[in-house]
Amino acid sequence: MQKEQTMPKLIAKEEIAQYKIIPAFVDNTLQWKSKLAYAVRLGNEFKGKTHITFETTEGPRSVETTIWSHTDTHLHLKGGTLIPLESIIDIHF
């Protein structure tokens, strides 16, 4: 049975820790890696924000924030917040 898609709820980056982040229905990790270099530069050099939608046990959540860095498996946000790449549904600038 396919999971019904719902509109993501916009949350503050400080609220991310309140949610249990789970893998997205489709793992697009390789696709996100190509966008992340630009997102990190946007945040570090220009203080620009990136809109990130990710999956949680309570449904999709979105946050608009600066990406400080990334690894092969996670995004690093200000304050030490991590978002697993496998949980990301969408990234846009």
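Since every read-out is calculated from the coordinates, none of them should be taken as a lab result. Bear in mind that the values here come from a model prediction, so they are computed numbers and not experimental data. Neighbour counts are summed over all protein chains in view; Cβ atoms, including those assigned to glycine, are modelled from backbone coordinates with ideal geometry.
Quick notes
- Among the listed pairs Lys13/Lys49; Lys9/Lys47; Lys47/Lys78; Lys13/Lys33; Lys9/Lys35, those beyond 18 Å (Cα-Cα): Lys9/Lys47; Lys13/Lys33; Lys9/Lys35
- Measuring max minus min along each principal axis, the C-alpha atoms of the chain give extents of 43, 27, 19 Å (largest first).
- Simple point charges give the picture: +1 on the Cβ of Lys and Arg, -1 on the Cβ of Asp and Glu, and for the chain a dipole about the Cα centre of about 260 debye.
- The relative contact order of the chain comes to 35 percent, based on Cα pairs under 8 Å that sit 6 or more residues apart.
- Using alpha-carbon coordinates, inclination of helix 29-46 to the longest axis of the chain, degrees: 40
- Considering only His70, Thr57, Phe46, and ranking their Cα positions along the charge dipole of region 23-92 that arises from unit charges at the beta-carbon of Lys, Arg, Asp and Glu, the one farthest toward the positive end is Phe46.
- Highest to lowest packing among 10-20, 52-62, 68-78, scored as the average C-beta count within 10 Å: 52-62, 68-78, 10-20
- Theoretical ellipticity at 222 nm over the chain - DSSP helices of four or more residues, -39500 (n - 2.57) apiece, nearest 500: -6500 deg cm²/dmol
- Region 25-70 - Kirkwood radius from inverse mean 1/r over Cα pairs (Å): 11.5
- For Gly48, nonlocal amide neighbours, meaning residues 5 or more places apart or on other chains whose placed amide H falls under 5 Å from its own, are Gly43.
- Additional length obtainable on full extension of the chain from Ser69 to Phe93, 0.36 nm per residue less Cα span: 7.1 nm
- Label-reachable residues, region 55-93, where backbone N falls under 20 Å from a point 7 Å from Ser34's Cα toward its Cβ: 70-75, 85-93
- If the chain linking Leu82 and Glu14 were pulled fully straight, counting 0.36 nm for each residue of separation and taking away their Cα-Cα distance, it would gain 23.3 nm.
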